[in-house]
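Undergrad: If you scroll down you'll find the structure; I have some questions about it.
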Amino acid sequence: MDWGLKNRLSRIIRPETGRTVMLAVDHGYFLGPTSGLEVPGETIKPLLSYADSLMLTRGVLRTSVPAEFNIPIVLRVSGGTSILHDDLSNEDITTSMEEAIRLNVSAVALSIFVGSAHEKETLTNLSKLVTQGVGYGIPVLAVTAVGREMTRDAKYLSLCCRIAAELGAHFIKTYYCENFEKVVETCPVPIVIAGGKKTPEKDALALAHNAISHGAVGVDMGRNIFQSDNPVGMIQAVRAIVHKNATVEEAYGLYEKAK
Ligand code: R5P
């Protein structure tokens, strides 16, 4: 792996633990002003010091994150649909690699929609992005998006993750599922998990704990942090699980204490 690419990736997946807590705040790219992210800057500011990286779009980066704050950025560069459409898979690449470099990002992220109407376009977009990323030393995160009608099981998610890795993604974001270790075992690059819809804090911490125990290198979590009644406590609790192997109870204690 090229030195620059490896260096950028190591800013996200921390060499001290081999793990990462990514804070996902990119939801507005198709959901608009998602609950908890109505004014992104206000949500993001108190959490910045606790995240290993921030996943977001160029618009929110430019307007809502102080350029002086030294946090690795994972820039979402796919989009083109909104929640008003049933088929969300019709995405394209929305931001050039040159702009990503000007924004000094550590990685770029793109969703793939395996099994959807636009499977081919999203997969070839991933390939193109990897080719460009490798050319400039920028790692690519593939996000395995799941259509409403699709089952998030190990068979399907292994298929998605393996295809993303075969096309050259440097790391992958997917969902936790039963037999998650099968997804990890058959994927040659690191996997982080999304948090998904807001659930009770202890359940979200259990999800993070299960994912880490079964081979994920970390989380790329959004709603279960920023929609919590105590986002700072929640991200501290997630960090304890990811970087310190805390139990769910220990982590939940941190969340409660921070309240
Ligand atoms: C989708 O909107 C984005 O890729 C999110 O970053 C992803 O779903 C992770 O966020 P959450 O933990 O809220 O699912």
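The values are calculated or read from the model by the stated rules, or taken from the named source; none is laboratory data. Owing to the predicted nature of the structure, the values given are computational and were not obtained by experimental measurement. Note: ideal-geometry Cβ built from the backbone for every residue, glycine included; neighbour counts use all protein chains shown. Only protein heavy atoms, including side chains, enter the accessible area calculation; ligands, DNA and RNA are left aside. Shrake-Rupley method; radii C 1.70, N 1.55, O 1.52, S 1.80 Å.
Undergrad: Report yes if Val184 is out of contact with any Ser or Thr (no Cβ under 8 Å at 6 or more places or on another chain) and at pLDDT 95 or above, otherwise no. Give the steps one after another, and end with the answer.
TA: Working: out of contact with any Ser or Thr (no Cβ under 8 Å at 6 or more places or on another chain): yes; at pLDDT 95 or above: yes.
Taking the combined requirement at face value, the residue satisfies it.
Undergrad: Could you list all residues from segment 22-54 that are among the aromatic types (Phe, Trp, Tyr) and within 13 Å of the ligand (Cβ to nearest atom)?
TA: Tyr29, Phe30 - these are the residues of segment 22-54 that are among the aromatic types (Phe, Trp, Tyr) and within 13 Å of the ligand (Cβ to nearest atom).
Undergrad: Working carefully through the options Thr122, Thr81, Thr63, Thr57, find the one that is more than 12 Å from the ligand (Cβ to nearest atom), open to solvent by 10 Å² or more (accessible area, probe 1.4 Å) and more than 20 Å from Gly218 (Cβ to Cβ). Show your work before the answer.
TA: On the way: Thr122 fails: open to solvent by 10 Å² or more (accessible area, probe 1.4 Å); Thr81 fails: more than 12 Å from the ligand (Cβ to nearest atom); Thr57 fails: more than 12 Å from the ligand (Cβ to nearest atom).
Unique residue meeting the criteria: Thr63.
Undergrad: Something else about it: Quick one: is Tyr255 of a type in the set (Phe, Trp, Tyr), more than 21 Å from Ala109 (Cα to Cα) and crowded, with 19+ Cβ neighbours inside 10 Å?
TA: Against the criterion (of a type in the set (Phe, Trp, Tyr), more than 21 Å from Ala109 (Cα to Cα) and crowded, with 19+ Cβ neighbours inside 10 Å), Tyr255 qualifies.
Undergrad: Now for a separate question. Consider only pairs whose beta carbons are under 9 Å apart and that are at least six residues apart or on different chains; among these, list those whose first residue lies in segment 186-215 and is in contact (Cβ under 8 Å) with a residue 12 or more places away in the chain and over 24 Å from Gln227 (Cα atoms) and whose second residue is open to solvent by 60 Å² or more (accessible area, probe 1.4 Å) and within 10 Å of the ligand (Cβ to nearest atom).
TA: none
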